[in-house]
Amino acid sequence: MTTPPAAATARTSRRGLHYVLDGTGPAVVLVHGWCLNRQVWMYLEQALVAGGHTVITPDLAGYGESGGLAPRTSLGSHAEDLTDLLDELDAEAAVLAGFAFGAGVICSASDYRRVGALISIAIPSAATAPYDRMPGAIMKDWPRFAARSAQAIVPPEASAETKDWLSRMFGATRLASALAGLDILRSFEPRDLVKRWDVPAYFVHGSGDPIVPAAVSKECADQFGGQYPEVASAAHLVVIDQKEAVLKIVADVARAAE
């Protein structure tokens with residue numbers, strides 16, 4: 001990868017994707033979930049940079065600082081934004097880590113030439129969520145839905161401040177983007193993925209995830225010849241609830257991919 005600046009820099013890709021690039025060393029790309037943004041990775045981003053990695057945290061089209069972009073209509077379209085960014089940065093053997101919706105994105109690319117490993121975290125499954133009922137609830141009261149979504153993905157003991165932070169992150173998403181992402185999720189089953197990658201793949205999941213059963217990731221690991229690292233957590237958002245455990249997995253994979 002071309003040598004990045006020493007300090008974190010906010011940038012815009014040639015496709016209009018806003019992202020932050022920080023650190024030096026092998027590249028790790030952290031991809032957020034539905035109606036979240038790059039800030040959800042702040043703890044891992046800080047630790048990985050300190051550990052000698054270049055960390056790239058994009059806001060997917062329609063979310064966060066990329067909220068002005070037209071919502072994408074497929075995981076593959078989101079993935080094309082990411083692989084084009086890797087081309088633009090001349091990245092080599094980058095580790096792609098994605099949470100939930102972001103996990104679906106990183107597993108849906110058509111080009112893995114610049115990828116050294118995949119880390120799927122809490123990959124979703126349409127069969128395990130009431131996606132068909134969610135558009136009505138969103139259109140009835142999006143702020144309330146956003147607040148409840150924030151509370152649902154963290155454990156009850158999470159601080160009020162963390163829940164409020166996540167609620168505002170959800171609620172800042174434009175309705176068009178929230179609904180477009182939901183439409184993608186309504187038809188997504190990871191078992192239907194076409195494996196186009198030929199790199200190590202890890203399917204991470206919280207053992208007691210109340211949103212998506214851990215069995216979904218275990219089945220993916222079995223089906224696609226990957227590994228299944230299970231994290232002891234009763235939360236969906238394991239990248240926050242068990243950040244140290246997730247950091248160790250990502251850092252170990254990144255070292256192995258060098």
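The values are calculated or read from the model by the stated rules, or taken from the named source; none is laboratory data. Not measured: the values here are computed from a predicted model. Using ideal geometry, Cβ is built from the backbone for each residue, glycine included, and neighbour counts are taken over all protein chains shown. Protein only, heavy atoms only, side chains kept; ligands, DNA and RNA dropped before computing areas. Shrake-Rupley method; radii C 1.70, N 1.55, O 1.52, S 1.80 Å.
Here is how the numbers come out for the structure above:
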| item | result |
| --- | --- |
| Of residues in region 128-153 being at pLDDT 95 or above and closer than 15 Å to P213 by Cα, the one nearest to the chain's Cα centre (by Cα) | I153 |
| Pairs with Cβ under 6 Å, 6+ apart, first in region 93-119 and in contact (Cβ under 8 Å) with a residue 24 or more places away in the chain and acidic (D, E), second open to solvent by 10 Å² or more (accessible area, probe 1.4 Å) and part of a helix (DSSP H, G or I) | D111/T83 |
| Selection from region 18-57 of residues that are more than 17 Å from A172 (Cβ to Cβ), of a type in the set (F, W, Y) and crowded, with 18+ Cβ neighbours inside 10 Å | Y19 |
| Any hit, region 55-73, residues being in contact with a Gly (Cβ under 6 Å, 6 or more places away or on another chain), free of Cβ contacts under 8 Å to residues at least 40 places away in the same chain and either β-branched (V, I, T) or farther than 14 Å from V115 by Cβ (or both) | yes |
| Criterion (in contact with a helix residue (DSSP H, G or I) (Cβ under 8 Å, 6 or more places away or on another chain), among the polar types (S, T, N, Q), at pLDDT 95 or above and open to solvent by 10 Å² or more (accessible area, probe 1.4 Å)) met by exactly one of S125, S77, S110, S120 | S110 |
| Residue within region 208-228 that is at negative phi, touching a residue at least 12 places away in the same chain (Cβ under 8 Å) and in a strand (DSSP E or B) present | yes |
| Subset of region 80-96 [among the hydrophobic types (A, V, I, L, M, F, W, C) and either surrounded by fewer than 16 Cβ atoms within 10 Å (Cβ to Cβ) or farther than 23 Å from A180 by Cβ (or both)] | L86, L89, A91, A93, A94, V95 |
| Residue under evaluation D198, criteria (1) in a loop (DSSP other than H, G, I, E, B); (2) farther than 18 Å from G102 by Cα; (3) in contact with a helix residue (DSSP H, G or I) (Cβ under 7 Å, 6 or more places away or on another chain), criterion not met | (3) |
| Enumerated helices (runs of 4 or more DSSP H) restricted to region 1-107, each holding at least 2 residues that are on the phi < 0 side of the Ramachandran plot, of a type outside the set (D, E) and in contact with a His (Cβ under 7 Å, 6 or more places away or on another chain) | 101-106 |
| Hits in region 146-158 (condition: part of a helix (DSSP H, G or I), buried (at least 19 other Cβ atoms within 10 Å of the Cβ) and of a type in the set (A, V, I, L, M, F, W, C)) | A146, A150 |
| Positions within region 159-174 being open to solvent by less than 70 Å² (accessible area, probe 1.4 Å) and either within 16 Å of G67 (Cα to Cα) or touching a Pro at 6+ places or on another chain (Cβ under 9 Å) (or both), in sequence order | S167, M169, F170, G171, T173 |
